[in-house]
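Colleague: Take this structure, written in structure tokens, and hold onto it; I'll ask about it next.
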């Protein structure tokens, strides 16, 4: 069979187009070289983005990878082709990886707050976004999406004017809507307990529930809420029973200055002989996180950033001593 001149030209044209497509695909994969890390605890790699693609390997959280190609699946989900530390290559959804520069920023945040004591413990109510700044208008600050039930140590709180419309996650949007006429967004600066890849960042406060110790919950005052707590020490009884002493930070539910993290501090002392708590010290003082508690044996002090009537920050110190039978003594504060 022979081809006419026109037919030959068409054939040659089709061949050139075919090789051009192949070259484009190959060049796309070869020129894409982005460093990233695996987020989930375990992640299977697939041979392609197809739904029935076979598993070709497995990675674990924190594994460094190189992203070599990107492609959307049939339903439009972004996938990436990666090369793992042992040379294994395969495909997985893009959301399971975080780029090197984002990890670096999260680690910088963690380094800045490494010496700040935990002010409260929180747990995510739903999947929500970990951000590098306290802002849900800017989606470029999103580090990753955390699963529901993620535990976190809260070290600071910030509030920003509530935006009229935001592109935030569904959980953020729902939480903001339930807040009603609140004019500010609450944000928590957190350390993540089981998230080694991204150790720290900002979380929208409306999507986080505080994991208040059960023995502390019963002592919240009417019309108030607990915003933070620190363990002072442990009281031991002769019969082997024991319980924790706590410093509690409270704030009013209504009519509170939104810029304050707390407006009352109180001490809960555990008496092992009666197995009951008492409140040997309480003071109404407005202030901001972080509160610092230092104990050496049975004696120590705590310091806080009190805010006076002129909205000036004043560092106040309280001296504390654990006595026998679950008693605690707190001296009146002095200003520095």
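Colleague: Sort through 329, 309 and tell me the only one that's over 16 Å from residue 119 (Cβ atoms), touching a residue at least 12 places away in the same chain (Cβ under 8 Å) and in the same structural domain as residue 246 (by TED's automatic domain parsing).
Modeller: Working: 309 fails: touching a residue at least 12 places away in the same chain (Cβ under 8 Å).
Only one candidate qualifies: 329.
Colleague: For the structure I just gave you, tell me whether residue 248 is exposed (fewer than 13 other Cβ atoms within 10 Å of the Cβ) and closer than 20 Å to residue 212 by Cβ. Before you say what the answer is, go through the steps one by one.
Modeller: On the way: exposed (fewer than 13 other Cβ atoms within 10 Å of the Cβ): no; closer than 20 Å to residue 212 by Cβ: yes.
No.
Colleague: Just name the residue that is nearest to residue 141 (Cα to Cα) out of those in the range 196-212 that are in contact with a strand residue (DSSP E or B) (Cβ under 7 Å, 6 or more places away or on another chain) and in a loop (DSSP other than H, G, I, E, B).
Modeller: Here is the first cut: in the range 196-212, the ones in contact with a strand residue (DSSP E or B) (Cβ under 7 Å, 6 or more places away or on another chain) are 197-212.
Retained after the next criterion (residues that are in a loop (DSSP other than H, G, I, E, B)): 197-199, 211-212.
On the way: 197: 16, 198: 13, 199: 15, 211: 27, 212: 29 Å.
Top of the filtered list is 198.
The values are calculated or read from the model by the stated rules, or taken from the named source; none is laboratory data. Every value quoted in this text rests on a predicted model; they were computed, and no experiment measured them. Heads up, the Cβs are rebuilt from the backbone with ideal geometry, glycines too, and the neighbour counts pull from every protein chain shown.
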